[in-house]
Amino acid sequence: MHRSAAIFYVKDGYDTSGKRLLGRQSAGEGFLKALARYSQAETLYCSTPSEDSFREFCHRVRGWTTQNRSIVWLNSNDPSSLSQAGVLYYPTPGIGEWAWKRRFSDSRSYSLCGITHTTASRAIMEAVSQLLIAPVQPWDALICTSQAVKQGVEHLLESWGEYLLQRTGCRPDANVQLPVIPLGVDCTAFPQGNQAKESRRRLRQTLQIAEEDLVILFVGRLVSYAKAHPVPMYLAVERAVQQLRRDSQLSQQRVHLIQAGWFESDKDEAAFKAAAKKYCPSVNALFVDGRLPEIRRQIWSTADIFISLADNIQETFGLTPIEAMASGLPVVVSDWNGYKESVRHDIDGFRVPTLLPPPGTGGDLAFDYINDRVNYSTFVGESAMTTAIDIDACATFLLRLMGDRTLRQRLGENGRQRARQVYDWRIVIESYEALWVELARKRASESMCAPLEAERSPYPISDDPFRAFAHYPTQSLTPQLRLTLGQMASPQARAELFQLWTNTLGSSRRLSPEETDRLIELVGKLGSISIEEIFRQWQIAPRSIGGVRLYRTVSYLLKFDILKIESLSRTSRNTEFLQ
């Protein structure tokens, strides 16, 4: 049986139409589109806090699928509703927060499934570290998009666990599953055959690139401190071009370097263009807006070689080399993070050696980041400035590809097949749904970690205020206390009280006005009645929703002397209240 999941939907995580196009958004939109197309589930579930967001979700999903399946809204303000779906897919690693929310109802009612994107930020590291203390269960999972990410997550959990061992004398287990499922691409979306040839002809004509010219393509954000510093790429491309000319392999051909992306600022744009002019003067450097849908779909057809020398610790997977492979391009990438797994060296392309300073030499940078002396961009940017790329090796790989059309075609076709067999969304969605089925099996059979004990808070640092501060009042309400009418119980007096806006706070958590009137009338009719007797007459349990609302309403009515605690005598009133 195939099981889908409730998708936690906030537009920013699944939309690529904004001015700041980020990798996680591209991955999120691709995932949602693929789930709509390829899911084997009869029903799709959307977890979002508002009906407007749900309608937007439906509009987008309906446009991506031809199947007539139902789409159900599960209000995220009521986490217990997620039991209907069985799994919540939350597009960050922050499932620990949801594990606490789930504990307010039943930790076995549904599974949590998060996913990694960047793991370098303090917020994400804190979210991952929460997995050691949050009530996550064996039927929960944090999807790692690459082995590199999984290794980083395991390192963080190991280091944090070692500290907890020193601090508390025991090392907790994370409990969650850490499956490796890559991000995907829609291989059918990239021009193929005659369509690719026509796209190549048209875009080259637009960009004034001759058919016989060589084009090297980079796709991604054009920002040196958060993606890939351009100078090593410029140097390597220039060296390869100069060598080709020395070898007389370039006659009338020109070499073009297209960078398809977007700049964070005018300062970044000026720096990129100045560096290109200075460090690869023999190359025609072109910049196109990679946010435009037409460019995103078709720029691949224009190129002969794809290059991406990622050098940043905030990178975890790298989707653009997979997109290039799906387009049939040979790729030259840095031997870095997820690129190590997606690109097979000398099969789909080439991986350029990289180097970092030794462990233990970046403590001051970590301290300044945690101390807010540097922000996240500076933290990852300064780290990236020490990532060395083997420029000579990169130039050599480019030289081989630029001078050998047959090699380009062979590696490009290898990459195309790999993209279809491993990274196509149809394959990836199957892995997601297989995971969700496995989590359902574990939820039905495995023991619960840290089950909630009676009279304990589901979330100790956000406790029931009536428990956490039970020592503040003289006493708490008990079922045995008897109620009588107070001096403000008349319909006029209480109506005036209820109309004051200062007295309306929290009304949605008390009995309705009709139920409140019914309660007051019952007390007035009997003269006095215990709370316990009201529970019996109304057939509600003290800890049910109705029982909780009754307790709160009684305290509210006592506050304004609409009700009062029955006294055995005028002199014993205070004694009775205290008992």
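The values are calculated or read from the model by the stated rules, or taken from the named source; none is laboratory data. Just so we're clear, the structure is a prediction, and the values are computed from it rather than from any experiment. All Cβ positions, even for glycine, are placed from backbone atoms using ideal geometry, and neighbour counts span all protein chains on display. Just so you know, the surface numbers come from the protein's heavy atoms only, side chains and all, with ligands and any DNA or RNA stripped out. Shrake-Rupley method; radii C 1.70, N 1.55, O 1.52, S 1.80 Å.
Listed values, structure above:
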read-out: Cβ charges +1 (Lys, Arg) and -1 (Asp, Glu), total dipole of the stretch 379-537, debye; value: 560
read-out: FRET efficiency for residue 133 and residue 555, using Cβ-Cβ distance with R0 set to 30 Å, rounded to 0.05; value: 0.35
read-out: Added length on full extension, which subtracts the Cα-Cα distance from 0.36 nm per residue, residue 245 to residue 270; value: 6.1 nm
read-out: Cα-based helix-to-principal-axis angle, 147-168 vs the chain, degrees rounded to 10; value: 40
read-out: Antiparallel DSSP beta bridges within the chain, as percent of all bridges there, nearest 5; value: 15
read-out: Contour excess over end-to-end distance, with Cα ends at residue 464 and residue 434 and 0.36 nm allotted per residue; value: 7.0 nm
read-out: Exposure of residue 313 as accessible area (Å², to 10), given a probe of 1.4 Å and all protein chains; value: 60
read-out: Rough spin-label spacing in nm, given labels placed 7 Å along Cα→Cβ, for residue 505 and residue 382; value: 4.4
read-out: Cβ-derived FRET efficiency at R0 35 Å, residue 488 paired with residue 83, nearest 0.05; value: 0.20
read-out: Surface share of carbon and sulfur [accessible, 1.4 angstrom probe, percent] for the chain; value: 51
read-out: Förster radius 60 Å - calculated FRET efficiency between residue 366 and residue 413 (Cβ-Cβ, nearest 0.05); value: 0.85
read-out: List 459, 472, ordered by accessible area with a 1.4 Å probe, largest first; value: 472, 459
read-out: 0 to 90° range, to nearest 10: angle between helix 23-38 axis and the chain longest Cα axis; value: 80
read-out: Rounded to the nearest 10 Å², the accessible area of residue 322 at probe 1.4 Å; value: 0
read-out: Inter-label distance, nm, simple model (7 Å from Cα along the C-beta direction), residue 19/residue 454; value: 6.0
read-out: Dmax and Rg, reported as Rg then Dmax, of the stretch 403-547 (C-alpha, Å); value: 30.8, 100
read-out: Accessible area expressed per residue, the chain, with surrounding protein chains retained (probe 1.4 Å, Å²); value: 49
read-out: Label-point separation in nm, residue 444 to residue 162, each point 7 Å along Cα→Cβ; value: 4.1
read-out: Between 0 and 90°, nearest 10: helix 293-302 axis offset from the chain longest Cα axis; value: 30
read-out: Residue 165 accessible area, assembled protein chains, probe 1.4 Å, Å²; value: 60
read-out: Only Lys, Arg (+1) and Asp, Glu (-1) charged, at Cβ; the chain dipole about Cα centre in debye; value: 840
read-out: The stretch 247-309 versus the stretch 453-530: alpha-carbon centroid distance in Å; value: 69
read-out: Calculated log₁₀ intensity ratio I(q)/I(0) where the Debye formula runs over C-alpha points of the chain, q = 0.08, 0.09 Å⁻¹; value: -0.69, -0.81
